[in-house]
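Quick note: the coordinates plus some simple rules give every number you see, no bench work behind them. Remember, it's a predicted structure, so these values are computed and weren't measured experimentally. Glycine gets a Cβ as well: all are built from the backbone with ideal geometry, and neighbour counts include every protein chain shown.
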Amino acid sequence: MHNLTLAELSAGLDAGQFSSVEVTQHFLARIKRLDGNYNSFITVTEERALAQASKADKQRSADADSVSALCGVPIAHKDIFCTAGVRTSCGSKMLDNFVPPYDATVVENLAAAGVVVLGKTNMDEFAMGSSNETSYYGPVKNPWHSDCVPGGSSGGSAAAVAARLTPAATATDTGGSIRQPAALCGITGLKPTYGRVSRWGMIAFASSLDQGGPMARTAEDLALMLNHMASFDTKDSTSSEQSVPDYCAGLSQDISGMTIGVPEEYFGEGLNPVTEQAVNAALAELEKQGAKLKAISLPHSHLSVPAYYVIAPAEASANLSRFDGSRYGYRCENPVDLRDMYMRSRSEGFGDEVKRRILVGAYCLSAGYYDAYYNKAMQIRRLIKEDFVSAFRDVDMIAGPTCPNPAFEFGAKGDDPVAMYLEDIYTIATNLAGLPGMSLPCGLVDDKPVGLQLIGNYFDEGRMLNVAHRYQQASDWHSRCAPGID
Amino acid sequence: MTWETVIGLEVHTQLATKTKIFSGASTAFGAEPNTQACAIDLAMPGTLPVLNAEAVRMAVMFGVAIDAEIGLISAFERKNYFYPDLPKGYQTTQLEKPIVLEGKVDIQLDDGRTKTVRIHHAHLEEDAGKSLHEDFHGMSGIDLNRAGTPLIEIVSEPDMSSPEEAVAFAKKLHALVVSIGICDGEMAQGSMRFDVNVSVRKKGEALGTRTETKNLNSFRFMERAIEQEVERQIDLLEDGGSVVQETRLYDGDTHTARSMRSKEEANDYRYFPCPDLLPVEIDQAYVDAVRASLPELPEARRARFVESYGLSAYDAGVLSDEPATATYFEAVAGQCGDAKLAANWVMGELAARLNSEDQLIQHCPVSAEQLAALIARIVDKTISNKMAREVFSAMWAGEGEPDTIIEARGLKQVSDSGAIEGMVDEVIANSSKQVENYRQADESKRPKMLGYFVGQIMKASKGQANPQQVNEVLLQKLNALL
C-alpha cells in the first residue's frame, strides 16, 4: 500500500479497495517501525490522524461525488507550518514548546480538502541549512544512504516521502529547500511562483523568498497537492490574486514544439560530471518527445549565491527578532533583567547556523554597510530577474541540474558554510526572481539520486508539471526505491 | 547677548480607525490589558500584516488638508530594535517613501500676524504597546492593546522660534486632525504626542546643536519642556560649554527632563523595506476623492462664524478651532436665537467651569440644549444674568432642566411693572435722606448714587426684580423729584 502514489491511493479510496483508516493505520505503523532509521518526523499525530481518517471515510461514504481527490489521503506537514493545537517547532529549541492556536492557510486548505495529517516533519532549524544537520531534533538520514544527508531544509519531508512513510508532504523553499532535498532523496518537489501559495502561518525565514510547495513521488501527485495548496489569501499581502487552474488538467499534453532553454552557466565548473551525465540524458529524453533544446545564458548566475546570502540573512535577522523569550517559546532560566533574558534566551534557544545568519544579516543592514551589502544585493537581484525575463522571451521553460552533486556525507561541509551554501547554486536564482522551480529524479549514481531541475515562467506551474509528467511517463527513476525499503 | 530659538516638532497622531493598522484587533482605548491584541499584534510566528485601507485614507486626508503633495507610491520599512512593548522586534514604519510629502500649516501669532510652518513630511506607522513599571514588584508589565494602533508621524521643519509658537502650531494641528475626523484628540489618552527638537543660536549664526525631548503629551508640558531646554542650552553656552546632541525624556510628574541617550549611543535601527507588505499605490483620482470628502476646516469655519453669527474675529477663532467647541456653540446659538450671548456663555461661564474642573466639552454635564434653554430665559427676561449663573451651577450639578431649577428655586425675575413701581415708590418713601442727597448732588455724581436705591429694591424683591426695569423706573421716579 505504501508504494502507491497519492493518485493511486485516491483512486483506491474512491473504488472502496481500502478505507482511509486502513491507509492511515498502515502509514502510522510504518512510521513507528521505520522512522527510527531516518528521524524524518518531529511529531507524529496518531490520534488526530485516525480521527481525520474516520471523518474522511464518513464523508466519502456519504457523498463520494463531492469529496476532493485528497479526501482521506494521508500526508505530512513540514514543521514550519503552524498547526492549531499541535506543536510547531520549526526545528528549533526556541519553539520546542510552541503550540500555535491557528492553522497556516496551507494547512487549512488541505484540511478542507479532507487530508489526513500523519505528523510534522523534521527540518533544518528555521529552514536554514542544506543538509538537515542544523535541526534541534537531530539530523535526518538519507533513505538511500544512511551516511548521507537528505538535503535541506525540507529534509524530513523528502526522506519521509522517499522512505514511503507518507505519500506526500508539504515543504518550503527559500533558496532550494524543496528542490535540493527532493533531488538528494530521489523524489519530486515543486517550488511554486512566489505568491502562489499563501505564507500565512508559515514561519518566516526570508519573507521575500519563502514559498511553500508540495513534495511527492510523481508530478501527478504534486499537481493534486498544489490544486489545494495554492490560493489567493487576504491574510498574505504578497499572495497572488491570479485564479488557481486545475494543475491535473494538462498533465498529459504533448510537449513537442516546446522550447527548453539550457543555461550554459548551470553546466560549468563545479558541476559533478556524473550529475551532468544524468541531466543530459534527461534532456535528451525531452528532446526525443519533441521539445527543442536551446542554449541560453543567464549571465548573472554566479552572483546569485552572494546576493542571496545578504538578502536572506538580512530579512531573517528581523524576522527572528520576535523570538525574545517574552511571549512564547524558549525563555532562559531565572533571568536577572531584560537584557539578560534577551541574551540568554536567544543564545540558548538558537543554534549556530541561525545565529550566524542573524549576525550576517544584522551586519549587512548596519549603518555604513547597507549600501555596500543590502543595496548591492538588491541590485543584483534585479539583474538576475532581468536575466530570466529576457531568457523567457525565447524559451518556454528552462532545464538543468538541481544541484551540483548527489548527497554528501554527514559533516562533510560542516566546517565550511560557504561550501554548503554552494550546494544551492542552481536553485537560489529562481527564488531571487520569484519564479517557479521543480526537481524530479533523473538518474542514480552509486545508488544516489540525481535531480533534473525545471524552471518555469511566472505562474507556469501547469506546464512544468506537464513536462515532468511526460518525462515520468517515459522513465522510471521516480518509482525507484531506496535499498532496504520494501 | 540675544539668543534665537529654533524649534521643530514631530507629532505622533493616533488615527481614529476602528481596527489596527495591520490587524483586525480593536483600537478602542481603556480595555483590560492585552484583551485587544490578536496573534498579529503579539507577533506570533507565521503571522503576517495586512494594511488597513482606512489608515491610508486618513493619512491622505491629513495630506490634502495641509495642501501637501501625496506620495502616490509609498512604502513601509522595518525599524529594528528590541523592547518588550515592540513584539516583532521591529516597528513597521515609512522612511524613504512616506505617504504625505511637503505641506504647510499657518498659525496665528498673538500679535495678529500669521506664520507658516512647513511640514517636511508625514508617514504612516504602527504604535508600540505600553510598559507598566508599577505594581509588578520590580518586574514590568506589558500591555499590547496599543501595539499596532495606526499613527501618522507629522514632522515639521524647524520653523518655530518660541515655545508659544510651538504650542500654537501644536494646537493648530490638534484642531485640524480632530476637525477632519482622523484623530479623537484625547491628549490625556496619548492620542497626540509630541517630540520637540530644540536648538539655540546667536542671531545670524548657523544652527546650533539640537536636542530632542520626547514623550510630551500636553500643550502645557510641551511649553514648559521647551522653556526649560532653551534655558538649559543658553546657560550651557554662556558658561562656555557646549550642547551635546542627545535625546531627552520629559517627566510630567517632576517637570524635569533627563538625558536618555547621546548621539554616540543612538540605536542603529537597520531600516530595510518590509518584505511582507507591497508598496502602497494610490492614484490621483483617489486623492481627489479624499479631498472632495474633506469636512469644513477650522479656517473656513472661523470665517463662517464671523460672517453668519456676527462674531468678532477673536471670538470666532476661539470657538472654531476645536470642532467639539464649534459644534457645541452652533447648537446653542441655533436653539437660543442669540449668537452673541451664546458665544459669551460658551467662552465665559462654560469654558471657565470646564477649565476649573479639567473637563472636556465632549463630556460636559450641561448639554448644548440645556444651555440654550437657559440663555432663552435670559433673553425673555425671565431671569437675570446673575440668576442664570446660579441655574447653570445647578445644571452642572445635575439638578435637571433650567425651567425646573428656576421653578424649584423660585428664581423667577419680577418684570411686572406695577409691582416694580410699587417697590420703587416704597424705597423712595423710606429713604428721604438719600433722596435729598441725590437731589443736592452734582449731576455727574448722581449715577453712582443709584446703587443704594437699586440695592434696597433688589433686597425688597429678594433679588428677583428685573434689574434693567428697576433701573429705568428708579431713574424716572428720582428724576421726577428734581
Inset, instruction - Please work out the Cα center distance from the range B:1-61 to the range A:131-177, rounded to the nearest Å. - result: 42 Å
Legend entry - Sorted by Cβ neighbour density within 10 Å, fewest at the top, the residues A:GLU423, B:GLU157: B:GLU157, A:GLU423
Inset, instruction - Along Cα→Cβ, 7 Å out, is where each label goes; now give me the distance between the ones at B:ASP235 and B:ARG291 in nm to one decimal. - result: 5.0 nm
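What ratio of Cα Rg to 2.2 N^0.38 Å holds for the protein assembly as shown? If you can, show how the numbers build up before the last one.
Values: Rg = 38.4 Å, N = 968, 2.2 N^0.38 = 30.0 Å.
Scaled against compact globular proteins, the figure is 1.28.
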Legend entry - CD proxy at 222 nm, helix term only [per DSSP H run n ≥ 4: -39500 (n - 2.57); per residue of chain A; nearest 500]: -11500 deg cm²/dmol
Inset, instruction - Evaluate the distance, in nm, between pseudo-label points positioned 7 Å from the Cα of B:ALA31 and of B:ALA300 along their respective Cα→Cβ axes. - result: 3.5 nm
Inset, instruction - Take peptide B:82-88, look around each residue's Cβ out to 10 angstrom, count Cβ atoms belonging to other protein chains, and average those counts. - result: 5
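With the convex hull built on the Cα atoms of the range A:6-255, state its orientation-averaged projected area in nm².
Answer in nm², one decimal: 12.8.
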Legend entry - Global form of the range B:174-332, assessed from the alpha-carbon gyration tensor, a/c cut-off 1.5: oblate
Inset, instruction - Per DSSP H run of n ≥ 4, the term is -39500 (n - 2.57); total these for chain B, divide by its residue number, and report the mean residue ellipticity at 222 nm rounded to 500 deg cm²/dmol. - result: -12500 deg cm²/dmol
Inset, instruction - With a cut-off of 13 Å, note down the residues of the range A:191-217 whose backbone N falls inside the zone around a label point 7 Å from the Cα of A:PHE232 toward its beta carbon. - result: A:196
Inset, instruction - Kindly put B:VAL178, A:VAL115, B:VAL50 in sequence by how many other C-beta atoms sit within 10 Å of each C-beta, fewest to most. - result: B:VAL50, B:VAL178, A:VAL115
Inset, instruction - Taking chain B as the reference, fit the longest principal axis to its C-alpha atoms, fit the long axis of helix B:219-238 to the helix C-alpha atoms, and give the angle between the two in degrees, 0 to 90, nearest 10. - result: 60 degrees
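Which three numbers, in whole Å and largest first, are the semi-axes of the equivalent ellipsoid of the range B:339-436 derived from its Cα gyration tensor as √(5λ)? Spell out each step's value before the answer.
Details: eigenvalues 225, 42, 30 Å².
In descending order, the three semi-axes are 34, 15, 12 Å.
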Inset, instruction - Take the alpha-carbon centre of the range A:3-69, take the same for the range B:87-120, and report the distance between them in whole Å. - result: 61 Å
Legend entry - Residue-averaged beta-carbon neighbours from other chains (10 angstrom radius) around B:270-282: 5
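For the pairs A:LYS376/B:LYS263; A:LYS93/B:LYS79; A:LYS376/B:LYS214; A:LYS292/A:LYS385; A:LYS191/B:LYS20; B:LYS171/B:LYS202, note any where the Cα-Cα span goes beyond 30 Å.
On the way: A:LYS376/B:LYS263 28 Å; A:LYS93/B:LYS79 27 Å; A:LYS376/B:LYS214 35 Å; A:LYS292/A:LYS385 23 Å; A:LYS191/B:LYS20 33 Å; B:LYS171/B:LYS202 28 Å.
Checking Cα-Cα distances, A:LYS376/B:LYS214; A:LYS191/B:LYS20 exceed 30 Å.
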Inset, instruction - For helix B:163-179, report the angle its Cα long axis makes with the longest principal axis of the Cα atoms of chain B; keep it between 0 and 90° and round to the nearest 10°. - result: 90 degrees
Inset, instruction - Kindly identify the range B:3-289 as rounded, prolate or oblate by the Cα gyration tensor criterion: order the square roots of the eigenvalues as a ≥ b ≥ c, call it rounded if a/c is under 1.5, otherwise compare a/b with b/c, prolate if a/b is larger, else oblate. - result: oblate
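Assign unit charges at the C-beta atoms only (+1 for Lys and Arg, -1 for Asp and Glu), then state the dipole size of the protein assembly as shown relative to its Cα centre in Debye, rounded to the nearest 20.
For this selection, approximately 560 debye.
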Legend entry - Per-q log10 I(q)/I(0), chain A, q = 0.06, 0.10 Å⁻¹ (Debye; single scatterer per alpha-carbon; no solvent): -0.24, -0.68
Inset, instruction - Order these peptides, A:305-311, B:230-236, by their mean beta-carbon neighbour count within 10 angstrom, highest first. - result: A:305-311, B:230-236
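Write down the percent of antiparallel bridges among all DSSP beta bridges whose residues are both part of chain A, to the nearest 5.
75 percent
If I take R0 = 56 Å and measure r between the Cβ atoms of B:GLU472 and B:ALA188 in this structure, what FRET efficiency does the formula 1/(1 + (r/R0)^6) give, to the nearest 0.05?
With R0 = 56 Å, the Cβ-Cβ based efficiency is 0.70.
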Inset, instruction - Report the FRET efficiency, 1/(1 + (r/R0)^6), for B:GLU4 and B:GLN362, where r is their Cβ-Cβ distance and R0 is 56 Å, rounded to 0.05. - result: 0.90
Inset, instruction - Starting with the highest mean, order B:356-362, A:192-198, B:275-281 by the number of other Cβ atoms within 10 Å, averaged over the residues of each peptide. - result: A:192-198, B:275-281, B:356-362
Legend entry - chain B: angle of helix B:323-336 to the longest principal axis, Cα-based, in degrees nearest 10: 30 degrees
Legend entry - Distance (nanometres) between label positions extended 7 Å along Cα→Cβ at B:LEU249 and B:ASP67: 4.0 nm
Legend entry - Sequence-distant residues sharing a close amide H with B:MET260 (under 5 Å, placed H): B:THR247, B:ARG248, B:LEU249
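Just counting partner chain Cβ atoms within 10 Å, what average do the residues of peptide A:315-325 show around their Cβ? Don't skip to the answer; put the middle values down first.
Details: counts 6, 0, 6, 12, 7, 2, 10, 10, 3, 8, 1.
Taking all residues of A:315-325 together, the mean is 6.
For the protein assembly as shown, give the share of DSSP beta bridges that are antiparallel, in percent and rounded to the nearest 5; count only bridges with both residues there. Mind showing how you got there, number by number?
Numbers: 86 of 102 bridges.
Antiparallel bridges: around 85 percent, rounded to the nearest 5.
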Inset, instruction - Give me the distance between the Cα centres of the range A:287-316 and the range B:436-482, rounded to whole Å. - result: 105 Å
Inset, instruction - Estimate the FRET efficiency between B:PHE82 and A:SER297 by the formula 1/(1 + (r/R0)^6), using the beta-carbon distance for r and 30 Å for R0, to the nearest 0.05. - result: 0.10
Legend entry - Reach of A:LYS413 by Cα under 14 Å, taken over aspartates and glutamates that are not fewer than 8 positions away in the same chain: A:GLU133, A:ASP147, A:GLU353, A:GLU423, A:ASP424
